[in-house]
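Engineer: Take this structure, written in structure tokens, and hold onto it; I'll ask about it next.
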Amino acid sequence: MTSDRSQTTALTNIGTLITNDPTLGDGRLGIRHDAGVVFADGVVSWVGGSADTPSADVGHDLGGRAVLPGFVESHSHLVFAGDRAEEFASRMAGERYGAGGIRTTIEATRRATDEQLRANMMRLADESLRSGSTTLEIKTGYGQSTEHELRCATIAGAATSEVTLLAAHVPPPEYAGRVDDYVRMVVDEMIGVCAPHAKWIDVFCERGAFDRDQAHAVLSAGIAAGLKPRVHGNQLQAGPGVQLAVELGAASVDHVTHVTRADIDALAGSSTVATLLPGADFSTRSTYPDARALLDAGVTVALGADCNPGTSYTTSLPFCIAIAVRDLHMTPDEAVWAATAGGALALQRSDVGTLAIGSRADAIALAAPSHLHLAYRPGVALVDHVWRSGDLEYTSVKDQGSQR
Ligand SMILES: N=CN[C@@H](CCC(=O)O)C(=O)O
Ligand SMILES: [Zn+2]
């Protein structure tokens with residue numbers, strides 16, 4: 001459902017508009033009511049009152065709906081085969097989550113054809129778009145050999161420019177008991193082969209995966225190959241992940257479920273974003289991260305859905321916003337900001353996550369009058385329009401815009 005990029009589009013009769021630009025409206029979210037927006041050449045060209053909206057080639061009367069920047073999904077693992085529904089059921093019956101479950105998916109992913117991996121990824125990328133995510137990061141990490149990580153990175157590149165080489169997720173079965181040998185192979189061989197197909201380098205720094213020195217070696221080799229670092233850290237217990245991320249100037253450290261006061265202080269004094277993944281804590285029945293302590297210390301917080309077959313088989317940032325408000329005690333404004341502008345900072349992107357003049361025209365409309373409904377109506381598919389670069393890419397509403 002794409003349109004000609006040279007067409008202009010006017011959105012009118014917006015009940016609540018979130019711009020994330022304080023110069024355009026109230027507070028940090030830059031909120032306006034009874035608003036209008038115009039998209040031209042794939043970017044936002046005008047924001048103001050609905051009645052003053054300039055005419056455009058295509059018009060959408062949004063009937064009082066809320067309009068937000070598209071969500072920026074900064075953490076997903078969409079290149080995999082199989083599922084782990086039985087593992088989930090065992091966890092709900094009392095089993096603890098351990099990093100070892102990842103090996104089940106590595107085996108299934110290695111057995112799958114490129115076409116099977118691509119089709120599964122595209123299905124999930126489409127699901128993510130329909131729940132409002134207009135920017136999507138995708139990690140490798142279920143290959144864990146040079147051949148299979150290269151395959152996964154190439155496949156991910158068909159869906160996004162935000163490809164992360166999760167070179168060290170868990171040591172694969174053929175390296176059992178030889179973690180340092182695996183790290184040496186990643187550093188000496190895998191990164192050089194895969195780096196041209198990725199933008200980011202990532203490591204799972206956790207007991208049962210990679211320790212501080214191993215994670216440092218992988219991230220440093222990635223940086224030397226031109227990749228930018230991000231880290232999976234402090235998911236299952238307190239550990240060195242957060243401090244390592246800050247030390248290396250990582251864009252983001254993700255999970256951050258178990259942190260010390262020193263970790264919070266280090267994050268607060270850095271530009272590293274803390275990306276919270278409450279879907280993973282929900283589906284592993286873990287404690288939730290202390291979002292209030294992070295926010296109150298001044299840490300920049302993002303929210304991601306972390307879609308993967310092990311810990312969080314959801315693409316829905318609206319679901320994560322609802323958990324963040326209900327269980328992490330974030331305000332609805334903080335949660336919406338974290339899933340939009342926060343995600344953009346976690347990917348070091350200045351063109352998305354806001355609806356400022358010149359921002360990429362990535363926006364969503366909700367079947368609701370305000371963003372509060374994302375938390376107030378959990379589990380309801382509220383996103384009913386999705387524009388990406390000014391094109392209406394998804395709508396569940398029959399009136400798809402009137403030509404002028
Ligand atoms: N924690 C590490 N990686 C994934 C889980 C991967 C899996 O269990 O398959 C995550 O972000 O939650
Ligand atoms: Zn992850």
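Laboratory data are not the source of any read-out in this text; all were calculated from the coordinates shown. Values in this document were obtained by computation on a predicted structure and should not be read as measured data. Note that each Cβ is placed from the backbone with ideal geometry, even for glycine, and that neighbours are counted across all protein chains shown.
Engineer: Please list 3J(HN,Hα) in residue order for the range 194-206, calculated via the Karplus relation 6.51 cos²θ - 1.76 cosθ + 1.60 where θ = phi - 60°; whole Hz, with x for glycine and proline.
Structural biologist: My calculation for the range 194-206 gives 8, 3, x, 9, 9, 10, 10, 10, 9, 9, 8, 8, 6 Hz in order.
Engineer: Follow-up question, since we're still on this one. If one takes the longest principal axis of the Cα atoms in the chain, at what angle in degrees, from 0 to 90 and to the nearest 10, does the Cα axis of helix 317-326 lie?
Structural biologist: Compared with the principal axis, the helix lies near 90 degrees.
Engineer: Would you work out the charge dipole size for the range 324-404 about its Cα centre, treating the Cβ of every Lys and Arg as +1 and the Cβ of every Asp and Glu as -1, and quote it to the nearest 20 debye?
Structural biologist: 100
Engineer: Working from Cα positions, state the angle (0 to 90°, nearest 10) between the long axis of helix 114-130 and the longest principal axis of the chain.
Structural biologist: Orientation of helix 114-130: about 40 degrees from the principal axis.
Engineer: Could I ask something else about it? Taking a ≥ b ≥ c as the square roots of the Cα gyration tensor eigenvalues, with a/c under 1.5 meaning rounded and otherwise prolate when a/b beats b/c, else oblate, which class fits the range 72-346?
Structural biologist: rounded
Engineer: HN-Hα J couplings of the range 341-347 from phi, Karplus 6.51/-1.76/1.60, θ = phi - 60°, integer Hz, Gly and Pro as x?
Structural biologist: Using θ = phi - 60°, the values come out as 5, x, x, 4, 5, 5, 9 Hz.
Engineer: Among rounded, prolate and oblate, which fits the range 73-207 when a ≥ b ≥ c are the square roots of the eigenvalues of its C-alpha gyration tensor, a/c under 1.5 means rounded, and a/b larger than b/c means prolate?
Structural biologist: Judged from the Cα gyration tensor, the range 73-207 comes out oblate (a/c at least 1.5, b/c at or above a/b).
Engineer: Tell me which of Val325, His197, Thr314 sits at the most positive position along the dipole axis of the range 72-346, charges placed on C-beta atoms (Lys, Arg +1; Asp, Glu -1).
Structural biologist: It is Thr314.
Engineer: Which of Val187, His255, Ala293 sits closest to the plus end of the dipole of the range 72-346, meaning its Cα is farthest towards the positive end, when Lys and Arg get +1 and Asp and Glu get -1 on the C-beta?
Structural biologist: My answer, from the dipole projection, is His255.
Engineer: Working out 0.36 nm times the residue gap between Asp52 and Asp333, then minus their Cα-Cα distance, what length gain in nm do you get to one decimal? Provide the component values of the computation, followed by the final result.
Structural biologist: Working: separation 281, 0.36 × 281 = 101.16 nm, distance 2.67 nm.
Net length gain for the segment: 98.5 nm.
Engineer: Express in nm, to one decimal, how much length is gained between Ala93 and Asp126 on full extension, taking 0.36 nm for each residue of separation and deducting their alpha carbon distance.
Structural biologist: Computed gain between Ala93 and Asp126 is 8.7 nm.
Engineer: For the chain, with only Lys/Arg (+1) and Asp/Glu (-1) charged at the beta-carbon, what is the dipole magnitude about the Cα centre, in debye rounded to 20?
Structural biologist: Working: 32 positive and 48 negative charges, 63 e Å.
Rounded to the nearest 20 debye, it is 300 debye.
Engineer: Next question. From the residues Ala346, Leu136, Gly64, which one has its Cα farthest along the dipole of the chain in the positive direction, the dipole being from +1 and -1 charges on Cβ of Lys/Arg and Asp/Glu about the Cα centre?
Structural biologist: Gly64
Engineer: Sticking with this one: What do you get for the angle between helix 146-156 and the principal long axis of the chain? Use alpha-carbon atoms, 0 to 90 degrees, nearest ten.
Structural biologist: Roughly 10 degrees, rounded to the nearest 10.
Engineer: For Asp21, what residues show an amide H to amide H distance below 5 Å, using hydrogens built from the backbone and excluding near sequence neighbours?
Structural biologist: Gly30, Leu355
Engineer: Could I ask something else about it? Sum -39500 (n - 2.57) across every DSSP H segment of at least 4 residues in the chain, then divide by the residue count to get the 222 nm mean residue ellipticity, nearest 500. Show your work: numbers first, answer last.
Structural biologist: Values: 15 runs with 121 residues, N = 404.
Theoretical 222 nm ellipticity from helices: -8000 deg cm²/dmol.
Engineer: Please enumerate, by chain and number, the aspartates and glutamates with C-alpha under 16 Å from the C-alpha of Lys199, excluding those fewer than 8 residues away in the same chain.
Structural biologist: Glu73, Glu137, Glu149, Glu162
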